[in-house]
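The block underneath contains the structure these notes are about, expressed in structure tokens.
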Amino acid sequence: MAAKHHQILIVGGGAAGITVAARLRKTEHDIPLDIAIVDPADSHYYQAAFTLVGGGAYDLEDTRRNEADLIPQDVTWVKDAVSTFAPDSNSVSLTDGTTITYDYLVVCPGLQINWSGIPGLKEYVGRYGVCSNYSANTVEYTFEVLKNLKPGARALFTQAPMPIKCPGAPQKIVYLAADHLTKRGIRTHCDVRFLTATPAIFGVPFYAKELVKVAARYNVPVSYNHNLVEIDGRKQKATFAVTAGDQQGQTVTLDFDMLHVTPPQSAPDFVKTSPLANTTGFVDVHANSLQHLKYKNVFSLGDAAGTANSKTAAAVRKQAPVVVRNLRHLLRKEAVEEGYDGYGACPLTTAYGKVLMAEFIYGGKPTPTLPLDPRKERYVNWWIKTTGLPMLYWDYMLKGREAFPSHNTAYVDPAA
Ligand SMILES: Cc1cc2nc3c(=O)[nH]c(=O)nc-3n(C[C@H](O)[C@H](O)[C@H](O)COP(=O)(O)OP(=O)(O)OC[C@H]3O[C@@H](n4cnc5c(N)ncnc54)[C@H](O)[C@@H]3O)c2cc1C
């Protein structure tokens, strides 16, 4: 069977794939393009709202659209999964055995969630109080468990080692849960704990200092270097390996009524084992141009890219224009630009009605969009999180439109 060919082939039609395809379509005035997206999924989720769904503040159905309705006009949708990459022959193969060749490849299949990475997780998630905001199938159960907690309940929230989607998400649900219990008048009668495999509460010290105070305000003890390694759902026991500090090498087993799990995540296996991967398994691209370091007709963005930014849809919003401009540079035989500065954003839901908007670039430099002290929890940020950003995602990003100038300036603390 002769291989199919597309000029630009996009692997993954999530936040990144749809945004790139839509922007390419919007900017093709001079050179018409033949674009295809490979993605097997029927549904596309705005995953950034999963925290709100888990907190009972957003409907799951409002996070979902049919993938078919998001594929831009005149972009071919290949409804299958890529199984291997052969960049030396500019081709990919699909699970049905088809080969597709390309002139340019954009790799954005997201992160792989390793549900089998913790014994007991796959078996018990969705039962016995074991919940997770990290999948559309399990996120609604989080609020079901939360709203049924009784005085005396023990609620544990975990964070897996990096890399994970939206590194702030594991603690966002802690604060919503603590606030929910406070509003029900039973917070002081419940034991709420946050156990993270990381050595700090957040990777950017500027924001971490504030988040430590938020956890303390809710009387939530934070255990660092505690990695969830086993779940016994029936007995409602969770075991953690301590990876640093006085108890290093030991395990700690805790009882729970609610266990919110951030599952271990990695680059997708088919990326990890391909010639496109770096040593960590992610696509080996330049941090600023997002061009592959060896295969110059290959780009990657979003969660699958081997860049040091926070893996967020916010990052995709800033990466996609760079990838699109660079594809057009290559089509015109021009040099690529290094326009991506590592921007990522984490709207930390610190209470119902309050968000600390953590925006930053490579090196952990804070770069707020609004000219306000970004360390403060604000109602306006809650509005942005619950209303503004979903609008920005569906009506602007995924349609290839610019909502406002994509420029963030470094924050200078007036008190410093
Ligand atoms: C609980 C949670 C909270 C979050 N909170 C935020 C937040 O507050 N702010 C924020 O900006 N971001 C947040 N995110 C992260 C955000 O959703 C991701 O960073 C973003 O979706 C990444 O886009 P992507 O296109 O790289 O991957 P995805 O959007 O995950 O899309 C990947 C696509 O690739 C497809 N695919 C997978 N394998 C293959 C294959 N073999 N072949 C072809 N296609 C394939 C999938 O079907 C999918 O459509 C959160 C995520 C979660 C789970």
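Odds and ends about this structure:
- Each residue of the range 235-240 is assigned a 3J(HN,Hα), and the resulting list reads 8, 6, 10, 10, 10, 10 Hz, derived from the Karplus form 6.51 cos²θ - 1.76 cosθ + 1.60 (θ = phi - 60°), x at Gly and Pro.
- Chymotrypsin sites (Phe, Trp or Tyr not before Pro) lying in DSSP loop within the range 126-191, provided at most 11 other Cβ fall within 10 Å: none
- Dipole orientation for the range 41-128: of the candidates Gly120, Thr76, Thr99, Gly120 has the Cα lying most toward the positive pole (charges on Cβ; Lys, Arg +1; Asp, Glu -1).
- Ellipticity at 222 nm from helices only: DSSP H runs of n ≥ 4 in the chain, each -39500 (n - 2.57), divided by the residue count, give -6000 deg cm²/dmol.
- Once backbone amide H atoms are built at 1.01 Å from N, Thr84 has Ser93 as its partners under 5 Å, excluding neighbours fewer than 5 places away on the same chain.
- Working note: Karplus 6.51/-1.76/1.60 with θ = phi - 60° gives the range 82-99 the couplings 6, 10, 9, 10, 10, x, 6, 10, 6, 9, 10, 10, 9, 5, 7, x, 5, 10 Hz, where Gly and Pro are set to x.
- Considering only the chain, percent of DSSP beta bridges that pair antiparallel, nearest 5: 55
- Value of relative contact order over the chain, rounded to a whole percent, pairs C-alpha under 8 Å and six or more apart: 18
- Pairs beyond 20 Å (Cα-Cα), from Lys150/Lys183; Lys311/Lys333; Lys122/Lys235; Lys318/Lys376; Lys122/Lys311: Lys311/Lys333; Lys318/Lys376; Lys122/Lys311
- In this structure the amide hydrogen of Val78, modeled in the peptide plane, comes within under 5 Å of the amide hydrogens of Ile37, Val38, Asp39, none closer than 5 places in sequence on its chain.
- The modelled label-to-label distance for the pair Thr273/Glu28, using points 7 Å beyond Cα in the direction of Cβ, is 3.3 nm.
- DSSP-defined beta bridges in the range 115-264 - what % are antiparallel, rounded to 5: 45
- Rounded tilt (10° steps) of 313-331 against the dominant C-alpha axis of the chain: 10
- Checking every one of the trypsin sites (Lys or Arg not before Pro) in the range 304-384 against DSSP loop status and a limit of 10 other Cβ atoms within 10 Å picks out Arg332, Lys333.
- With R₀ fixed at 25 Å, the C-beta to C-beta distance from Ala287 to Thr409 puts the FRET efficiency at about 0.80.
Computed from the coordinates by the stated procedures, all read-outs in this text should not be read as laboratory data. Predicted model only: the values in this text are computed from it and were never measured. Note: ideal-geometry Cβ built from the backbone for every residue, glycine included; neighbour counts use all protein chains shown.
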